[in-house]
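Rule-based calculations on the coordinates, nothing more; no lab input. Since this is a predicted model, take the numbers as computed values, not measurements. So basically every Cβ, Gly included, is an ideal-geometry build from the backbone, and we count neighbours across all protein chains shown.
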Amino acid sequence: MNKSAPMTSLRFSPQDLIAPIKLALLRLSPLHQIRNPVMFVVYVSAILTLIDALTAFRNTEHSTFGFTLVVSLILWFTVLFANFAESYAEGRGKAQAASLRQARSDIMAQKLEDPANKQLYQVVPASTLRQDDCVYVSAGQFIPADGQVIEGAASVDESAITGESAPVIRESGGDRDAVTGGTRVLSDWLVIKVMANAGESYLDKMIAMVEGAKRQKTPNEIALGLLLAAMTLIFLLSCATLLPFSLYNVRQTLSAAPPVSLTVLIALLVCLAPTTISGLLSAIGIAGMNRLMQANVIATSGRAVEAAGDINVLLLDKTGTITLGNRQAVAFFAAEGVAPIQLVKAALLSSLADETPEGRSIIELARMSYGQTPPSKADDMIFIPFSADTRISGVTQGDRTILKGAGDAIEAHILKEGGTVPPSLRGQIETIARQGGTPLMVAQGARALGVIHLKDIVKKGIKERLASLRAMGIKSVMVTGDNPLTAAAIAAEAGVDDFIAQATPETKLTYIRKRQEGGEMVAMVGDGTNDAPALAQADVAVAMNSGTQAAKEAANMVDRDSDPTKLIEVVEIGKQLLMTRGSLTTFSLANDIAKYFAIIPAVFMAAYPAFGGLNIMGLATPHSAILSALLFNALIIIALIPVAMRGVAYRPIGAGQLLRRNLLIYGLGGMIAPFIGIKLIDMAIALIMNGVAHV
Amino acid sequence: MSFLSLPFAWWAQLALFFVILLVAMRPFGLYMARVFSGERTFLTPLMQPIENVLYKLGRIDPHEEMDWKTYTVSVLMFSIIGGLALFLFLLYQPFPDISADLALNIAASFVTNTNWQSYAPETTLTTTSQMIGLAVQNFLSAAVGFAVLIAFLRGLARDSSKTLGNFWSDLVKGVLYLLLPLSFFFALFLVTQGVVQTFGEASVVSPLDPTASQIIATGPVASQVAIKQLGTNGGGFFTVNAAHPFENPTPLSSFFQMLAILLIPAASAVCFGAMTRRHGDGRALLWAMFLFLIPLALVSLMAEHQANPLLKALGVDPALGNMEGKEMRFGVFGSTLWASLTTATSSGSTNAALDSFMPLAGLIPLLFIHFGEVVFGGIGSGLCGLFVYVFLTVFMAGLMIGRSPEYLGKKIGIFDMKMVSLIVLIPAFLTLGGTALAVMTQAGQNGAGNPAEQGFSEILYALSSASHNNGSAFGGIKSNTPFYNILLGLCMLLGRFGVITAFLALAGSMAAKKSTPASAGTLDTTSPLFIGLLVGVIAIISVLTFIPALSLGPVAAHFHLMAAGGLG
């Protein structure tokens, strides 16, 4: 499913079954059974028939004893099978969670006993770190957790989080003391006080979600549970009242046939009750979380996973998600009266010290298109670094100053120097902006040389992924700090449905609220601290593992692969969860038709031989018919465990198609399958009975 | 036995019937939507002054919005007071032989729009009590049912709203703009057909034997028959209901009474489409209802088309089909279709003896009742009940396409499923539990008018009819006993007001929800696939619930009869 899935083998081995079977037996306690009302009815039925069988044994009614005992045994197995489905899914989930822990512990931390003594440390897995622990990190090591520098200063590579490859300085005291887990110390050393439990809380919550007994049920699951309980109540009603009806009938018709027995009524009830789905309900929920972990996503609530299946709007960051993180230079446009080569040379010179990807792409373009190799840095070159304030960078060599930067910033500089920007150049700047590019003006002193067209490169394949979102009914919204003109152009190129330009934390929040007021469910993927408010507001919020702690806290899922389009998989998992429940409920109910055809003739044939006409399966005897139906009912739980674990596949083919498909498989299939299954079991029973009779 | 064997004249009448219904329901539905949205209609100049006087008398502000709890309390208070008044009125009416349990049963029956009648009206009640007591409740109970539907539709139509409208205003509008004018014109039509309408004394005539005399009861029949059909009440002026020549004298009066039964329930679906601006969804519900009504009516017609094998063996001419218990002027067609229509809706009026139907044809009315009175159903309550099944269907279908279930953009939550479960459970519990109680007690067993399976069918039918507020009787049962009067009375009251409370709670919950705009992932609730699924859900749930009971009643009787008649 996902290339980055944990390496644990999910292949079947008999050894894996022992623990779940033990757990299934342990969970026969009434305290556990009462949690699932439908299975509790089966549980009580099993006890009642057992008592019935024992009574028959004491009264030496041997034929009744045998039949009732077998019925009781099948009922006990039905309960056990349901328990097993849950404990099996749980076992898988725990194995998965353990492997996640393993992965996390790949980072080792040097934990200090005493923050004052850096020499005395203990090497522990990062996952065991707790808040307020202190760790010592030296050059070349990864910072194991989010924290605060309490001693030392070091250059830290935070490119994994910020995308900025230039190292930053982190030091104790002042406002540069915050460090993020997963970043790397390049030089020197730091003593860090851990601020949070290293994302451990996420894992704990996730593990709680794969434990049957602790699992929080989602609203959808509770509603379905209610419906199943109500149906069971109805069937309980129609089976329980059949006893007085039958007694009345026998008395009225003076029939020699005995009234319907308690064992038969219980068999009818258990067959009709939606035991298949109820037995698998817990396993389905756990398996959904397992699939999520396989996709390397950690969620804090099952509710958010299911909500993912309902989202209408998805907010995506432009940079890094829709476009490659960096813009690239694609063309030079020289101003009137400037030779193109002059512009290229100037641009090259000004970018020599520019280590940003944009700067490098200018050098690359000059080499590729104009055959210019960058001159080597000379001692007399004084580089002017880019600052967010001036939005200008450049170089001064002797009396020559070359500057490049945002159009309006350079223009202001030129005007100050007493020059002008030719109108044709200004037109060019506008054209580039309209195409979604970033115009970078180059000036020498007071003279404008031309512009460089920097372009956002839309990621390969993003258009297709967005299209598949649209097919699911999810609109994509691009969030960008660019101006509306640029944003519109990129939005059109990438095929997003809408965009938020010049986005600030407030505009993002307002946008989400507005959508939610319109009744839509909004999902958001984010990584920065300034995404946190919007993440907290969104119905489904996925934080990148590389993101800041604030973003992770605000989100309800963390993607350990930091893949912004992972949400598509989360949506699929959410939908699969619901679809599996819905499809198996349909299957469970559709089965009842065949079961009626097996049991109704068996119940009434003694009094009304004509009911034999309804025995369209040609089942051997009333007893074998009832046993076959019950056995089918129990075995189908085991048979469907793989479906529960795998989930019903989701395809973005539109709601109508999907419904038709699932109705055909689980509705029509659910009607037909038991006819075949019950008949086969009945044939087997008849064979055995014959064998017994011959012996 | 096949559909093709039915006479051409039957097909022609069926076609004519449904064409008229389809043409007539649309303008009525749109008109109803206008009335309850507070828009002006052609009747406004006439009715507005009356409305204002009523509001002033009742000190009611018709524009005051009620939340679901207030609305429910108003419905319940109004019905309790109305029922109590009717009970006391009946108890102290001049006819002496009305027992307290009978008065309770009648009051419960009419205040719940059931109109189960365990007594002979023409000899038990005075003309005054029929008019002031029963006819008034015929209007009011129907208007209450309709008001509940209107509140429900508002719940579906509104977005993030706490309120459902004003009960008093809905009640008054239902009577003044809908039931009263329709009944007026329908009564006039009935009079042209020979239905009596008089305050004169009953005639005393001497039939063939001059020494004997016979009292021929008359009264203001036409006015009462009109509302009994239009309001899906079904309670007759005479014991034999619509089989009586003064209630239903001609085939034409029979034909139009059948139309009157279906008119408002069918138009309600159009009204729903108009009020929520989802005409497609309204049409989808109509499709689902017709998909039940027409095939089952046909099966029933087929079963009656053949003569009873036992009578055939005695030398009775089988050409007319099974004529036992039927009026010659309606014939098999007019009687059998009537039985389907009045059980599909919760009217329950009858023009033939259901217990003389062939067992399969007797099963069909029971099935219609067991569907929960949602195939057209009672005025107002029928469509509400259908929405409950729609919710069940979208719940299953929504899960199957991987979406939290929603209808008209509103998500179906935990509370909604609780109410849906209650609405399905209450009538099932009353029917099956009540029948069990009846067959276990001597008092209950004594009611069965026939032996064996037939007797069981009669008891099951009575409990089904009362619990689902239908009111039709299988016949045969002797139900004017304290046991049945009280048991059936309770079933009617709980079946009506328990369910109405849950309907309104559901409506309140729906109104409060935000409507999500549709997208490619949204379930289309107007597609043939969805309609088919809805039909399947209704059929499966009701059949699964009642099959064990039905097996011992009509199904066993069918096998019994077929065995006796040599048909296998």
Please name which of A:431, A:479, A:529 has its Cα lying farthest along the dipole of segment A:429-554 towards the positive end, using unit charges on Cβ (Lys, Arg +1; Asp, Glu -1) and the Cα centre as origin.
A:431
For a footprinting-style exposure proxy, rank B:37, A:246 by other Cβ within 10 Å, fewest first.
B:37, A:246
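For chain A, which DSSP H helices look membrane-span-like by this rule: Cα extent along the axis of 30 Å or more and mean Kyte-Doolittle of at least -1.0? The partial results should precede the final answer.
Numbers: long enough: A:37-58 (32 Å, 1.68); A:62-104 (62 Å, 0.37); A:219-240 (31 Å, 1.80); A:567-604 (55 Å, 0.91); A:669-694 (37 Å, 1.43).
Going by DSSP H runs, the hits are A:37-58, A:62-104, A:219-240, A:567-604, A:669-694.
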With +1 on each Lys and Arg Cβ and -1 on each Asp and Glu Cβ, and nothing else charged, work out how big the dipole of segment A:452-585 is about its Cα centre, in Debye to the nearest 20.
260
If R0 is 41 Å, what FRET efficiency do you get for residue A:446 and residue A:488 from their C-beta distance, rounded to 0.05?
0.75
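Check each of the trypsin sites (Lys or Arg not before Pro) in segment B:84-191 and keep only those in coil by DSSP with at most 12 other C-beta atoms within 10 angstrom; list them in order.
On the way: sites: B:154, B:158, B:162, B:173; in loops: B:158, B:162.
Listed in order of number, the matching sites are B:162.
Hey, could you get me the Stokes-Einstein D for segment B:305-424, Kirkwood radius over alpha-carbon pairs, 4 °C and 1.567 mPa s, rounded to whole µm² s⁻¹? Don't skip to the end; give the middle numbers.
Details: Rh = 16.8 Å.
After rounding, the answer is 77 µm²/s.
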Where only alpha carbons of segment A:575-695 are counted, the Rg and the Dmax (Å):
17.2, 60
List the residues, sorted by chain then number, that are 5 or more residues from residue A:479 or on another chain and whose placed amide H is less than 5 Å from its amide H.
A:316, A:317, A:318, A:500
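Rounded to the nearest 5, what % of DSSP beta bridges with both residues in chain A are antiparallel?
Roughly 75 percent of the beta bridges in chain A run antiparallel, per DSSP.
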What are the principal axis extents of the Cα atoms in segment B:232-326, in Å, biggest first?
59, 30, 19
Per-residue mean of C-beta atoms belonging to partner chains within 10 Å, peptide B:423-429
3
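What translational diffusion coefficient, to the nearest whole µm²/s, does segment A:406-517 have by Stokes-Einstein, given a Kirkwood radius computed over alpha-carbon pairs, a temperature of 10 °C and 1.306 mPa s viscosity?
Details: Rh = 16.0 Å.
Rounded, D is 99 µm²/s.
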Taking the Cα centre of the protein assembly as shown as origin, sum charge times position over the Cβ atoms of Lys and Arg (+1) and Asp and Glu (-1), and report the length of that vector in debye to the nearest 20.
1060
Unit charges at the beta carbon, dipole of segment A:492-607: most positive-side option, A:492, A:545, A:580
A:580
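Stick to the Cα atoms of segment A:307-357, pair each with every other, and give me the Kirkwood hydrodynamic radius in Å at one decimal. Mind showing how you got there, number by number?
Working: mean 1/r = 0.0680 Å⁻¹.
One decimal place: 14.7 Å for the Kirkwood radius.
How big, in percent, is the set of alpha carbon pairs in segment A:203-284 lying more than 19 Å apart?
Details: 1850 of 3321 pairs.
Value for segment A:203-284 (Cα pairs over 19 Å): 56 percent.
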With +1 assigned to the C-beta of every Lys and Arg and -1 to the C-beta of every Asp and Glu, and no other charges, what is the dipole magnitude of segment A:290-345 about the Cα centre in debye, to the nearest 20?
160
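When 1/r is averaged over all different Cα pairs and the result inverted, which Kirkwood radius in Å belongs to segment B:485-550?
Radius from the Kirkwood sum: 15.6 Å.
Hey, what number do you get for the protein assembly as shown at 222 nm if only DSSP H runs of n ≥ 4 count, each worth -39500 (n - 2.57), divided across all residues, to the nearest 500?
Numbers: 47 runs with 705 residues, N = 1263.
Calculated mean residue ellipticity at 222 nm is -18500 deg cm²/dmol.
Per Stokes-Einstein, at 4 °C and 1.567 mPa s, what whole-number D in µm² s⁻¹ belongs to segment A:270-416, with the Kirkwood radius over Cα pairs as the hydrodynamic radius?
Details: Rh = 20.5 Å.
Once the numbers are plugged in, D ends up at 63 µm²/s.
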What chymotrypsin sites (Phe, Trp or Tyr not before Pro) does segment B:1-64 have in DSSP loop regions with at most 16 other beta carbons within 10 Å?
B:42
Find the centroid of the Cα atoms in segment A:571-638 and in segment B:11-53, then give the distance between the two in whole Å.
47
Would segment A:200-348 count as rounded, prolate or oblate if I go by the C-alpha gyration tensor, calling it rounded below 1.5 in a/c and otherwise prolate when a/b exceeds b/c, oblate otherwise?
prolate
For chain A, alpha-carbon Rg and Dmax in angstrom:
34.7, 123
Can you quote the Å³ per residue value for the convex hull of the Cα atoms in the protein assembly as shown, rounded to an integer?
243
Sort all Cα-Cα distances of segment B:1-82 into consecutive 5 angstrom bins from zero, then give the percent of pairs in each bin up to the one containing the longest distance.
3, 10, 11, 14, 13, 12, 8, 7, 7, 7, 5, 2, 0
Straight-line reach from residue A:377: which lysines have a Cα under 22 Å away, not including same-chain ones fewer than 8 places off?
A:345, A:404
Ranking B:485, A:279, A:168 by how far each Cα lies towards the positive end of the charge dipole of the protein assembly as shown (+1 on Lys and Arg Cβ, -1 on Asp and Glu Cβ), the top one is A:279
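Rule-of-thumb check for segment A:466-519: C-alpha Rg over 2.2 N^0.38 Å?
Working: Rg = 11.7 Å, N = 54, 2.2 N^0.38 = 10.0 Å.
It is 1.17.
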Quick one: divide the alpha-carbon radius of gyration of segment A:17-106 by 2.2 N^0.38 Å and tell me what you get.
1.49
At each listed q (0.11, 0.14 Å⁻¹), what is the log10 of I(q)/I(0) that the Debye formula gives for segment B:380-506 modelled as equal alpha-carbon point scatterers?
-0.47, -0.66
Taking only the alpha-carbon positions of segment B:1-144 and ignoring solvent, what does the Debye formula give for the base-10 log of I(q)/I(0) at q = 0.14, 0.18, 0.21 Å⁻¹?
-0.93, -1.08, -1.20
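Too long at a 30 Å Cα-Cα cut-off: which of A:22/A:111; A:94/A:514; B:228/B:478? Could you put the intermediate results ahead of the total?
Working: A:22/A:111 39 Å; A:94/A:514 40 Å; B:228/B:478 23 Å.
Correct reply: A:22/A:111; A:94/A:514.
What fraction, in whole percent, of alpha-carbon pairs in chain B exceed 33 Å separation? The partial results should precede the final answer.
Numbers: 63646 of 161028 pairs.
Beyond 33 Å sits 40 percent of the P(r) for chain B.
What is the Å³ per residue value for the convex hull set by the Cα atoms of segment B:85-168? Provide the component values of the computation, followed by the final result.
Values: hull volume 8.0 nm³, N = 84.
Given the Cα convex hull of segment B:85-168, per-residue volume reads 95 Å³.
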If each residue's Cβ is checked for other Cβ atoms within 10 Å, how do A:301, B:464, B:519 rank with the fewest at the top?
A:301, B:519, B:464
Could you tell me the largest-minus-smallest coordinate of the C-alpha atoms of segment A:364-403 on each of the three principal axes, in descending order and whole angstroms?
32, 24, 14
At a Cα cut-off below 28 Å, give the lysines reachable from residue A:460, other chains included and same-chain residues fewer than 8 away excluded.
A:3, A:318, A:475, A:508, A:552, A:566, A:575
